[in-house]
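Student: What follows is a structure written as structure tokens; I'll ask about it next.
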Amino acid sequence: MTARPEGPTGEQEGAGPRGISLREVIDLLVPVYGRPVPQVSHDPLAELVLTVLSQNTADTNSGRAFLQLMRRYPSWDAIAAAPVEEVVAAIQTGGLAQQKAPRIQAILRAVAQRAPDWDVGFLEELPLEEARAWLRALPGVGPKTAACVLLFSLGRPALPVDTHVERVSKRLGLIPEKASADQAHGLLEALVPPEEYYAFHMLLIKHGRRTCAARRPACARCPLAACPSRES
């Protein structure tokens, strides 16, 4: 990748407020975790439901809950119309089922009103910000969920910022410590080259889970020696 031009303040693009290089972050994490290869599902509605199920739970649990939901109901219509307690029971293994079941049903009902055939593939053809706005207009869909659908199901340049990505980015000084979750999406999408969105997202999630944990970051074995938050 060619060097990016310096802005009017003299700070090189791709570096956070405390000067750490984004390029260095990616280049040092790839040998540790491997270069992520984009896998596009081409099923935005399924990705939307799976993303809701994945909130505040392990991937294995959310994946199991999604499979149980699909096995129990023959169609999206059936899920949207089912008694909420039945949907709660179907996704119980995913955690927070009492909150996620009504949220999923509300999303599906809103989608049915706007796309009665359940085909939301048109999001791939809409201008990016229109597609993002369409998703954000659904009940309970925030910037991370919308970005997950755009990136993982449609291969569009959107950067999901979950708790791991936000935490590691702040510790690296890529974004300000006081930035909100919503602000973090805009700041990181402006900082990271679009062609690196997928790799950056996946690498920081792995790093946040395996090394840069919330309570006890393993700084001694972290490959990012220039991290301004590094503990001795």
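Student: Please compute the length gained on full extension between VAL30 and ALA225, using 0.36 nm multiplied by the number of residues separating them and subtracting their Cα-Cα distance.
Tutor: Here the segment from VAL30 to ALA225 would lengthen by 68.7 nm.
Student: So if I restrict to the alpha-carbon atoms in the chain, what is the Rg, and what is Dmax, the biggest pairwise distance, in Å?
Tutor: 19.0, 59
Student: When the convex hull of the C-alpha atoms of the range 174-232 is computed, what volume per residue in Å³ does it have?
Tutor: Numbers: hull volume 6.1 nm³, N = 59.
It comes to 104 Å³ per residue, whole-number rounded.
Student: Then there's this: Using helices alone, what [θ] at 222 nm do you get for the chain, with -39,500 (n - 2.57) per DSSP H run of 4 or more residues, divided over all residues and rounded to the nearest 500? Let's see the in-between values first.
Tutor: Working: 11 runs with 117 residues, N = 232.
Roughly -15000 deg cm²/dmol at 222 nm, from the helical runs in the chain.
Student: Taking trypsin sites (Lys or Arg not before Pro) as candidate sites, keep only those in a DSSP loop with at most 10 other Cβ atoms within 10 Å, then name the longest stretch of the chain containing none of them.
Tutor: 1-177
Student: Between ASP117 and MET70, what is the spin-label point distance in nm, taking each point 7 Å from the Cα along the Cα→C-beta axis?
Tutor: Reported label-point gap for ASP117 and MET70 is 2.2 nm.
Student: Another one. Anyone know which of THR60, THR51, THR145 comes out most mobile in the 10 Å Cα GNM of the chain?
Tutor: The residue that fluctuates most here is THR60.
Student: Please find the FRET efficiency linking THR163 to GLU129, where r is the Cβ-Cβ separation and R0 is fixed at 22 Å, and quote it to the nearest 0.05.
Tutor: Working: r = 25 Å, r/R0 = 1.13.
Once rounded, the FRET efficiency stands at 0.35.
Student: Lysines within cross-link reach of LYS100: Cα-Cα under 22 Å, excluding same-chain residues under 8 positions apart?
Tutor: Hits, sequence-local ones excluded: LYS144.
Student: If you don't mind, there's one more thing I want to ask. Would any residue of the range 113-157 have its amide N under 19 Å from a label point 7 Å out along Cα→Cβ of ALA81? List them or say none.
Tutor: What the label zone holds, given the 19 Å backbone N cut-off, is 113-119.
Student: Something else now. So if R0 is 25 Å, what FRET efficiency would ALA137 and ASP182 give, r being the distance between their Cβ atoms, rounded to the nearest 0.05?
Tutor: Taking R0 as 25 Å, the efficiency between ALA137 and ASP182 is 0.95.
Student: Let me ask another. Which of the aspartates and glutamates could a cross-linker span from LYS178 if the Cα-Cα distance has to be under 19 Å and same-chain partners fewer than 8 positions apart are dropped?
Tutor: Partners within reach: ASP162, GLU166, GLU189.
Student: Could I ask something else about it? Would you work out if the range 86-214 is rounded, prolate or oblate? Take a ≥ b ≥ c from the square roots of the eigenvalues of the alpha-carbon gyration tensor; rounded if a/c is under 1.5, else prolate when a/b is larger than b/c, oblate otherwise.
Tutor: Oblate.
Every read-out reported here was derived from the displayed coordinates using simple, explicitly stated rules and does not represent laboratory data. Note that the structure is predicted; figures quoted are calculated from it, not measured. Heads up, the Cβs are rebuilt from the backbone with ideal geometry, glycines too, and the neighbour counts pull from every protein chain shown.
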